[in-house]
Amino acid sequence: MDDLTFDEFAAFIREYWSVANRKRITQETQFERDLGLTGDDGDDLLEATEKRFDVTLCSEETEVRETFNLKTNEYLFHSEGGGLGMLPFEMTTLFSTTAPTIREFTVGELYEAVRRAKRAGR
């Protein structure tokens, strides 16, 4: 699997999210802005990616923050619904003046995370 190409990974994203063939997927393609993938769908994508490529991106040992170098109060996806849900960052904003920051998470970032996890044997 070390020879996974970006085109193969992009084909997985295209199939998973039913992206039209006419829409180009590059390493700079952003999940939320360009593909409209957010919230629980983003979490589902991470799980599907782990399953498809037999890697662990987020575990007790390697939390999502470590895997994607997230800063405090930084997240990969917005929550769905816009209301007060059960996501930890939504609760944080109730008691904090610091609003959560959503990273411009790209297909290339996820591709590289899969490659790193494969090399590390995770």
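The values are calculated or read from the model by the stated rules, or taken from the named source; none is laboratory data. If you're wondering where the values come from, they're calculated on a predicted model, not measured in any experiment. With ideal geometry, Cβ positions are generated from the backbone for all residues, glycine too; neighbour counts draw on all protein chains shown.
Yes or no: the range 27-39 includes at least one residue that is among the basic types (Lys, Arg), surrounded by fewer than 16 Cβ atoms within 10 Å (Cβ to Cβ) and either in a loop (DSSP other than H, G, I, E, B) or touching a helix residue (DSSP H, G or I) at 6+ places or on another chain (Cβ under 8 Å) (or both). Even if it seems obvious, please write down each step before you answer.
Kept after step one, since they are among the basic types (Lys, Arg), are these residues of the range 27-39: 33.
Keeping just the survivors that are surrounded by fewer than 16 Cβ atoms within 10 Å (Cβ to Cβ) gives 33.
With the extra rule that they be either in a loop (DSSP other than H, G, I, E, B) or touching a helix residue (DSSP H, G or I) at 6+ places or on another chain (Cβ under 8 Å) (or both), the set shrinks to none.
No: the range 27-39 contains no residue that is among the basic types (Lys, Arg), surrounded by fewer than 16 Cβ atoms within 10 Å (Cβ to Cβ) and either in a loop (DSSP other than H, G, I, E, B) or touching a helix residue (DSSP H, G or I) at 6+ places or on another chain (Cβ under 8 Å) (or both).
List the pairs whose first member sits in the range 34-58 and is under 13 Å from Leu110 (Cα atoms), whose second member is of a type in the set (Lys, Arg) and outside any helix (DSSP H, G or I), and whose Cβ atoms are under 9 Å apart, counting only residues at least 6 apart or on separate chains?
These pairs meet every condition: Val55/Arg122; Thr56/Arg122; Leu57/Arg122.
With the requirement that a residue be part of a loop (DSSP other than H, G, I, E, B) and either among the β-branched types (Val, Ile, Thr) or modelled with pLDDT of 85 or more (or both), what does the range 59-95 give you?
We begin by selecting, within the range 59-95, every residue part of a loop (DSSP other than H, G, I, E, B); these are 59-63, 68-73, 76-87.
Scanning the range 59-95 gives Thr62, Phe68, Asn69, Leu70, Lys71, Thr72, Asn73, Leu76, Phe77, His78.
Which residues, counting only those in the range 42-58, are surrounded by fewer than 17 Cβ atoms within 10 Å (Cβ to Cβ) and either of a type in the set (D, E, K, R) or not in a loop (DSSP other than H, G, I, E, B) (or both)? Show your work before the answer.
Within the range 42-58, the subset surrounded by fewer than 17 Cβ atoms within 10 Å (Cβ to Cβ) is 43-44, 47-48, 51-52, 54, 56.
Asp43, Asp44, Glu47, Ala48, Lys51, Arg52, Asp54, listed by residue number.
Could you tell me which residue of the range 16-39 is farthest from His78 (Cα to Cα), considering only residues that are touching an Asp or Glu at 6+ places or on another chain (Cβ under 6 Å) and not hydroxyl-bearing (Ser, Thr, Tyr)?
Looking only at the range 16-39, we keep the residues that are touching an Asp or Glu at 6+ places or on another chain (Cβ under 6 Å), and these are 30, 38-39.
Right, trim to not hydroxyl-bearing (Ser, Thr, Tyr) and you get 30, 39.
Numbers: Gln30: 13, Gly39: 5 Å.
Step by step, filter the range 16-39, then rank; the result is Gln30.
Select from the range 9-23 the residues that are surrounded by 12 or more Cβ atoms within 10 Å (Cβ to Cβ) and not aliphatic (A, V, I, L, M) and list them in ascending order. Give the steps one after another, and end with the answer.
As a first pass, look at the range 9-23 and keep what is surrounded by 12 or more Cβ atoms within 10 Å (Cβ to Cβ): 9-14, 16-17, 19.
Hits for the range 9-23 are Phe9, Phe12, Arg14, Tyr16, Trp17.
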